[in-house]
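Sharing a structure below in structure tokens format, with a few things to ask.
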2 protein chains.
Amino acid sequence: MPLFLNASDTGFDAEFQAFLGTKREDSPDVDVVVADIIADVRKRGDAAVVDLTNKFDRLALTPETLRFSPEEIEAECAKVDAEDAAALELAASRIRAYHEKQLPEDASWTDDTGAMLGWRWTAVAAAGLYVPGGLASYPSSVLMNAIPAKVAGVERLAICVPTPDGAVNPLVLFAARLAGVDEIYRIGGAQAIAALAYGTETIAPVDKITGPGNAFVAAAKRRVFGKVGIDMIAGPSEILVIADKNNDPDWIAVDLLSQAEHDESAQSILITDDAEFGRAVAQAVEKRLETLERAAIAAPSWRDFGAVITVPDLECAIALSDRIAPEHLEICVDDADALAAKIRHAGAIFIGQYTPEAIGDYIGGPNHVLPTARSARFSSGLSVMDFVKRTTLSRMTPEALAAIGPSAERLAKSESLEAHGLSIRARLDRINEG
Amino acid sequence: MPLFLNASDTGFDAEFQAFLGTKREDSPDVDVVVADIIADVRKRGDAAVVDLTNKFDRLALTPETLRFSPEEIEAECAKVDAEDAAALELAASRIRAYHEKQLPEDASWTDDTGAMLGWRWTAVAAAGLYVPGGLASYPSSVLMNAIPAKVAGVERLAICVPTPDGAVNPLVLFAARLAGVDEIYRIGGAQAIAALAYGTETIAPVDKITGPGNAFVAAAKRRVFGKVGIDMIAGPSEILVIADKNNDPDWIAVDLLSQAEHDESAQSILITDDAEFGRAVAQAVEKRLETLERAAIAAPSWRDFGAVITVPDLECAIALSDRIAPEHLEICVDDADALAAKIRHAGAIFIGQYTPEAIGDYIGGPNHVLPTARSARFSSGLSVMDFVKRTTLSRMTPEALAAIGPSAERLAKSESLEAHGLSIRARLDRINEG
């Protein structure tokens, strides 16, 4: 049974607050182990990466076989079914079209003193993308990470994907090739993150690392942050559905299960203005769980972290949704656009009952790498912006410096930074002489 | 003596690489202490913040006096000299005008399937700004952090500024009031970061924390990252000047010193295509150091980390500059605009000899919080973008879902995510029935 809450009940606020604070994931403290692995890779380079990979993934690699050869990639890609290939190609083209609209524009202007001001965007030169191995080795995630990087103009894009016991997912390699990835390494864990950040004899260092991973990968990303850029630290997936009674309970049930099936720590929440509809959805979930392939994952997720919250009206749903700040928000009500416009904190919004969240996981166009664990309060999903950076530009004329320089000199004095002031004063004296 | 290098010398590449790798700062490992402080603040709230502040800053605060009262702010602001006030007001208006141009635009469009796609930007609701106390308590930094937040639309902006032994900088409070800061707390260190991230009885938690600080503050920011958003971890300041012989050596010398005077770990580099000019600048630096107020800081910085690099031509200067990826880049050559256009990795560029870097520290308009330690390869200076986040939007029609849904279903199957596929299939069946 998920949690049933009613916003009209006495004590709801405390219950909702406790629900918001529920810890869904106990990350093991692997920081010491990860620090050792990073130090080892920095010290011994390829040799460390090879040893760690052979140990953890039960392989017999050498520095020469860390990277997939063009022939291996070709051979794996040849295994991909035509229908899967076509689906990935459609997904890639839609994701590319969406992300191309995110390319930011340069700006420059002249202000009233005659100073030119502005900025210019440039792409990160080299990026590394981590792709988990095993169960969570998703070709869709390769597209979602690699395409924004390539649209941004990243020249060198390297992927690390572990192949435990030699298991390779051909779809991952196909997606990587489709997205224009330049290098693919069969390594994983903290050793892969260390190799991307610091480089080895065969792996050149990158400037930015993105992509999800287990506790070791997350701890390693946190440690190399600063040396390279990283994306967010992703937590378990979440969906919030706001639905009125004019929906098929079964549709909403499978939508909730589409997150619950990711992970036992995933969270699925329904907010409805009709308690009866909420119960019908919960019943539909139970019915679907009877036959769902991944019921062993989805059932505990729904039981431990799922919730059905009844609200007196949809305005109340908006307020609760913003407190949850969901990764995915599905809005299935009569005027879904109007309600969507009032939401402030959400990673992605899926509007109307013909927009199941899963369409956005694969093919809608927007990115599926989204802020979890309430971080939509302060962060955004992955985008082209993660692979570009801005250089600000200023050019003073003698007139502009004469107009604003004395105030800068004054402020430098107030901060006891004499040379700052002198660098302005030297020019002002020349201007005044002229 | 700074390091003198000549790009035409044999062995230059190795020397330059070693120079790039020079470690300028040994951050003490304060992680364990910081973890304890954060745990204490989470557990005991105000009581912990009060105890730690009284201990480290030698004060006798209570929960009631953690926050500056409106009367105290008013009284401190009244101490500000009229000329300083006018300079801060001009700076604030120029910084505001520049940052207003950064506000990003929403987008939405309908694609060829009839699907609506787009995104919407919203402001972070609450932000906290850390301002160091003592020597590095800069009113200009208050403006540079607070104004972008307020331009973005942040409703609640709290500042923490420690007042060791009760020392208050009236200009900091004046700048805060000018920028529209809502709350000012006289606390610092890891305890301030913990209070902002987790909240206490008197300090409500924020969603994003920005601003520079010492090793304790940096370690605390790294630890609370994820619970809240943070800006970059700032290292010591840097300037690179590219100058030809048509410059006054003294102007370039004071520009180099304007970074060197910040910190013994700061770095000032000159790249020139004229070795004689390089020597003249180095002589001018020595001359200025004879009288500079902060020579005790600037001299070791210049001696230990300064460099004069002679290049055969300015194209070579561009390549070296991109390898340095400087925080501040000043370009003083004949066609400075053309050279600036070819630079790829830099936090801020100051174009032409009438644009000393210090103008950008105070009053130019662009932000002075910029990526250090080569991180301009992957990150940008502080901006309005740090205080907004993007929600992606999708709305399918039955026709759009019919067009792209089957491919999404296919990909869900390939990833063994059955419920994902079912959420699409349920709708497609209804559409096909219709």
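The numbers here are math on the coordinates, done by the rules we state, and not lab data. All of these numbers come straight from a predicted model, not from anything done at the bench. Using ideal geometry, Cβ is built from the backbone for each residue, glycine included, and neighbour counts are taken over all protein chains shown.
For a quick check: with amide H placed at 1.01 Å from N, whose amide H comes under 5 Å from B:VAL369's, ignoring anything fewer than 5 positions away on the same chain?
Answer set, sorted by chain and number: B:LEU382.
What distance in nm separates the two pseudo spin-label positions at B:GLU315 and A:ASP274, each 7 Å out from Cα along the beta-carbon direction?
For B:GLU315 paired with A:ASP274, the spin-label model returns 7.2 nm.
Note down the magnitude of the dipole of segment A:235-378 about its Cα centre, charges +1 on Lys and Arg C-beta and -1 on Asp and Glu C-beta and zero elsewhere, to the nearest 20 debye. Don't jump to the answer; show the numbers that get you there.
Details: 11 positive and 25 negative charges, 85 e Å.
Using only the charged Cβ atoms, the result is roughly 400 debye.
What area, in nm² and to one decimal, does the C-alpha convex hull of the protein assembly as shown cast on average over all directions?
36.2 nm²
Are there GluC sites (Glu not before Pro) in segment B:1-104 that DSSP puts in a loop and that have at most 15 other Cβ atoms within 10 Å, and which ones?
On the way: sites: B:GLU15, B:GLU25, B:GLU64, B:GLU71, B:GLU72, B:GLU74, B:GLU76, B:GLU83, B:GLU89, B:GLU100; in loops: B:GLU25.
Taking segment B:1-104 and a limit of 15 other Cβ atoms within 10 Å, the loop GluC sites (Glu not before Pro) found are B:GLU25.
What number, rounded to the nearest 500 deg cm²/dmol, is the helix-based mean residue ellipticity at 222 nm of chain B, given -39500 (n - 2.57) per DSSP H run of at least four residues and division by all its residues?
Roughly -14500 deg cm²/dmol at 222 nm, from the helical runs in chain B.
Using +1 at the C-beta of Lys and Arg and -1 at the C-beta of Asp and Glu, which of B:THR62, B:THR210, B:HIS368 has the Cα lying farthest in the positive direction of the dipole of chain B?
Result: B:THR62.
Residues with amide H under 5 Å of B:ILE209's amide H, sequence separation 5 or more or different chain, H placed in the peptide plane at 1.01 Å from N; which?
It is B:GLY128, B:GLY229, B:ILE230, B:ASP231, by chain and number.
Let me know the Rg and Dmax you get for segment A:174-259 when you use only its Cα atoms, in Å.
18.6, 61
Also: So what J values fall out for segment A:274-279 if you push phi through Karplus, 6.51 cos²θ - 1.76 cosθ + 1.60 with θ = phi - 60°, rounded to Hz, Gly and Pro as x?
Result, ordered by residue: 9, 4, 4, 4, x, 5 Hz.
Between B:ASP429 and B:LYS287, what is 0.36 nm times their sequence separation minus the Cα-Cα distance? Round to one decimal in nm.
42.8 nm
Measuring from centroid to centroid over Cα atoms, what is the spacing of segment A:404-434 and segment A:1-31 in Å?
57 Å
Ordered by residue, what ³J(HN,Hα) values in Hz, to whole numbers, does segment A:317-327 give under the Karplus form 6.51 cos²θ - 1.76 cosθ + 1.60, where θ = phi - 60° and Gly and Pro are x?
4, 4, 4, 5, 4, 5, 6, 6, 6, x, 5
Which three semi-axes in whole Å describe the equivalent ellipsoid of segment A:343-434, each the square root of 5 times a Cα gyration tensor eigenvalue, listed largest first?
53, 15, 11
With each pseudo-label sitting 7 Å past Cα toward Cβ, what's the B:THR10-B:ALA167 distance in nm, one decimal?
Between B:THR10 and B:ALA167, the label points sit 5.4 nm apart.
What list of whole percents do you get for P(r) of segment A:97-140, with Cα-Cα distances grouped in 10 Å bins up to the one holding the largest distance?
Computed distribution, short to long bins: 18, 26, 26, 16, 9, 5, 0.
Now a separate question. Cα-based Rg of chain B per 2.2 N^0.38 Å, rounded to two decimals?
Normalised Cα radius of gyration, chain B: 1.17.
While we're on this one: Toward the positive end of the charge dipole of segment B:2-132, about the Cα centre and with charges on Cβ (Lys, Arg +1; Asp, Glu -1), which of B:ILE38, B:GLY11, B:TYR130 goes farthest?
So the residue furthest toward the plus end is B:ILE38.
Same structure again: I need the fraction of alpha carbon pairs in segment A:235-378 separated by more than 18 Å, rounded to a whole percent.
Result: 51 percent of Cα pairs exceed 18 Å.
Right, something else. For segment B:356-370 and segment B:101-130, what is the separation of their Cα centres, given in Å?
28 Å
If you don't mind, another one. Can you pull the one-decimal nm distance between simple spin-label points at A:THR113 and B:SER27, each 7 Å off the Cα toward Cβ?
Label-label distance for A:THR113 and B:SER27, simple model: 3.4 nm.
In debye, nearest 20, what is the charge dipole magnitude of the protein assembly as shown about its Cα centre with +1 on Lys and Arg Cβ and -1 on Asp and Glu Cβ, if you could check?
720 debye
Toward the positive end of the charge dipole of segment B:143-208, about the Cα centre and with charges on Cβ (Lys, Arg +1; Asp, Glu -1), which of B:VAL161, B:ALA192, B:VAL151 goes farthest?
About the Cα centre, the residue reaching furthest to the positive side is B:VAL151.
Can I ask one more? Place a point 7 Å from the Cα of A:ALA341 along the Cα-to-Cβ direction; which residues of segment B:377-391 have their backbone N under 18 Å from it?
The answer is B:391, whose backbone nitrogens lie closer than 18 Å to the label point.
Where in segment B:181-251 are there GluC sites (Glu not before Pro) that are in a DSSP coil and have at most 14 other Cβ atoms within 10 angstrom of their Cβ?
B:GLU201
Mean-square fluctuation check for chain B, GNM, Cα pairs under 10 Å: which of B:ALA190, B:ALA260, B:ALA85 is largest?
B:ALA85
Please turn the phi angles of segment B:120-132 into ³J(HN,Hα) values with the Karplus equation 6.51 cos²θ - 1.76 cosθ + 1.60 (θ = phi - 60°), one per residue in order, whole Hz, x for glycine and proline.
With the stated coefficients, segment B:120-132 comes to 9, 9, 9, 7, 4, 6, 9, 10, x, 10, 8, 10, x Hz.
Amide H to amide H, which residues 5 or more places from A:TYR354 or on other chains are under 5 Å from it, using H placed in the peptide plane?
Counting only residues 5 or more places away or on other chains, the set is empty.
With +1 on each Lys and Arg Cβ and -1 on each Asp and Glu Cβ, and nothing else charged, work out how big the dipole of chain B is about its Cα centre, in Debye to the nearest 20.
Dipole of chain B, to the nearest 20 debye: 1720 debye.
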